[in-house]
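The values are calculated or read from the model by the stated rules, or taken from the named source; none is laboratory data. Source: prediction; values computed, not measured. Here Cβ is always computed from backbone atoms with ideal geometry, including for glycine, and neighbour counts include all displayed protein chains.
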Amino acid sequence: MKRFPWLIFFLFLAACNFPVKKMPTPTPGVDADATAAAFRQTAIAAETFAFPAIVTKTPTPAPTSIPKITDLRVVYVKSGNLWLWDETDSIQLTRSGQDDRPKISDDGQVIAFSRNGELWAVNADGSQERVLASSADLSKLPNSATGKLEVSEFDFAPRSRAIFFNTVITGEGFPDLQFDLAKVDPGAPRVESLLKNGQGGQPVFSPDGGKIALVQPEKISIINADGSGFKTLFKFKLVSTYSEWFYLPEIVWMPDSSGFKTVIPAHAPLENPKELTRLYFIPAAGGEVAKLAEFLAAPVFLAGAYISPDGTKVIYARPEGGNLELHVIDVSTADKLLFWQPRDKFGLLGWTPDSQGVLYWRDDTRRAWLLTPDGESTPLSDVTYAYYVTWVDKSRYLFTNETELRLRSLGQPSLLINAELSGGFDFTLLK
């Protein structure tokens, strides 16, 4: 697929976890430092090695002639309106002042977006602005809850203009995700309900676009893109975050769409500090789930664990006193300690698309850094900050710097796309 997950600095779980309901409060009398010590005492033996000191690389000087960017389209939000950027120019697509969360189809021809809780679309030339799922349409979806339904997560299926989405009830307090699933086609807008609330989940498409994994806080299900073949594949215990958001496991599909891997953390890490985090392979056809590795990781409210895009290894953090250790474990269960940092000045963000580099934030600014296999760490920004890093391919990425949206190739000066970003952005690579 064209997109790599957004890497959010202050809340790494923002892309896959939602503040929905009140969760249990911490167990009285549990000491965080004692818990960290217990983690360390029961840690899995790991091969350790020291990396060289952090190195800040100077960007390569700008070439005298910048190569044309012919394969990339970026849609972004400025002052509540959608804009589309390519190598020639930026054009304004909408003018409502109320638009956000754009998604662009793989062919670059249609942009879906949210407006006042509804799902809308517009063509890439700014024509045919239309509503796809209105408030009236949403109110007709099968739902037993009360309140105003709005569109929550939505995206185009791979190599398709079909849009799949779920809903959320908004109002007082935290949003109440419905974990349903619906579908609409921008060419002939008619909302089709596929799964009622409680049956669906956070959708993750298979590479071939034929299947959708559906993630909930206690189970993972699957459905074919045509609405057939629904089944629950895996159930697990609710992971306590000791706060008001749910943990939703990451899904990394195999290239042949035969199944996916996921990490399930300890469900009650403060009550049971010896409980292990586990990596599983779940076949899309159903059947036996394979446990590939288990390891002692920091609770999810301290740091997440990320599966490499090729599915061969997991990067995770382990507490050691006031520090967090950065570890990588592969499917053979070989575990290595890479380095450590103070727990309040370090956190994980994921992988580069080639599964070689590790992304993390460090220091008080919480800006993004890249750790390469040769042990060098370099900032991903050549300006002040790099937030919301989104990889375009193995060497190029989009990032924000305050209100700036920039495009950069590794080791090269970044290119300013827009200086007044006020909402989300998305991209597609044209074939």
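Each row is one residue, and each column tells you yes or no for (1) modelled with pLDDT of 90 or more; (2) over 27 Å from S221 (Cα atoms); (3) touching a Pro at 6+ places or on another chain (Cβ under 8 Å).
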| residue | (1), (2), (3) |
| --- | --- |
| R278 | yes, no, no |
| I282 | yes, no, no |
| A293 | yes, no, no |
| A297 | yes, no, yes |
| R318 | yes, yes, no |
| L359 | yes, yes, no |
| G375 | no, yes, yes |
| S381 | yes, yes, no |
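Is it true that some residue in region 384-399 is over 30 Å from F260 (Cβ atoms), in contact (Cβ under 8 Å) with a residue 24 or more places away in the chain and out of contact with any Ser or Thr (no Cβ under 8 Å at 6 or more places or on another chain)? No; the residues of region 384-399 include none that is over 30 Å from F260 (Cβ atoms), in contact (Cβ under 8 Å) with a residue 24 or more places away in the chain and out of contact with any Ser or Thr (no Cβ under 8 Å at 6 or more places or on another chain). Can you pull out every residue in region 234-249 that is surrounded by 21 or more Cβ atoms within 10 Å (Cβ to Cβ) and either out of contact with any Pro (no Cβ under 7 Å at 6 or more places or on another chain) or of a type in the set (V, I, T) (or both)? Of everything in region 234-249, those that are surrounded by 21 or more Cβ atoms within 10 Å (Cβ to Cβ) and either out of contact with any Pro (no Cβ under 7 Å at 6 or more places or on another chain) or of a type in the set (V, I, T) (or both) turn out to be V239, P249. Inclusion of E420 among residues that are among the charged types (D, E, K, R) and free of Cβ contacts under 8 Å to residues at least 24 places away in the same chain is not warranted. Among residues of region 239-264 that are within 13 Å of G304 (Cβ to Cβ) and in contact (Cβ under 8 Å) with a residue 12 or more places away in the chain, those with a beta-carbon under 7 Å from a residue that is of a type in the set (V, I, T) and assigned to a loop (DSSP other than H, G, I, E, B) at least six positions away or on a different chain give the pairs V239/V300; T241/V300; W245/V20; Y247/V239; Y247/T241; Y247/V300. For region 302-330, the set of residues classified as of a type outside the set (G, A, S), under 16 Å from L279 (Cα atoms) and out of contact with any Lys or Arg (no Cβ under 7 Å at 6 or more places or on another chain) consists of Y306, P309, D310, T312, K313, V314, I315, Y316, R318, listed by residue number. Restricted to region 99-145, and to residues there that are assigned to a loop (DSSP other than H, G, I, E, B) and of a type in the set (D, E), the residue that is surrounded by the fewest Cβ atoms within 10 Å (Cβ to Cβ) is D125. List the strands (runs of 3 or more DSSP E) that sit entirely inside region 253-343 and contain at least 1 residues that are within 17 Å of T372 (Cα to Cα) and aromatic (F, W, Y). So the answer is 313-320, 335-342.
Every condition in (1) over 19 Å from D426 (Cβ atoms); (2) out of contact with any Lys or Arg (no Cβ under 9 Å at 6 or more places or on another chain); (3) of a type outside the set (S, T, N, Q) holds for F174 except the one numbered (2). Of all residues in region 345-360, those satisfying the criterion of being closer than 21 Å to K394 by Cβ, in contact (Cβ under 8 Å) with a residue 40 or more places away in the chain and surrounded by 15 or more Cβ atoms within 10 Å (Cβ to Cβ) are L348, L349, G350, W351, T352, P353, S355, V358, L359. Evaluate region 155-167: report whether one residue or more is within 21 Å of the chain's Cα centre (by Cα), of a type in the set (A, V, I, L, M) and assigned to a strand (DSSP E or B). Taking every residue of region 155-167 in turn, at least one turns out to be within 21 Å of the chain's Cα centre (by Cα), of a type in the set (A, V, I, L, M) and assigned to a strand (DSSP E or B).
For R159, the conditions (1) basic (K, R); (2) touching a strand residue (DSSP E or B) at 6+ places or on another chain (Cβ under 9 Å); (3) modelled with pLDDT under 95 are fulfilled apart from (2). Answer with yes or no whether L405 is over 23 Å from I307 (Cβ atoms) and under 20 Å from the mean Cα position of the chain (by Cα). Yes; evaluated as a whole, the condition is true for this residue.
Residue by residue, here is whether (1) surrounded by 20 or more Cβ atoms within 10 Å (Cβ to Cβ); (2) under 25 Å from E118 (Cβ atoms); (3) modelled with pLDDT under 95; (4) not aliphatic (A, V, I, L, M) holds:
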site: G187; (1), (2), (3), (4): no, yes, yes, yes
site: R190; (1), (2), (3), (4): no, yes, yes, yes
site: K196; (1), (2), (3), (4): no, yes, yes, yes
site: V204; (1), (2), (3), (4): yes, yes, no, no
site: P207; (1), (2), (3), (4): no, no, no, yes
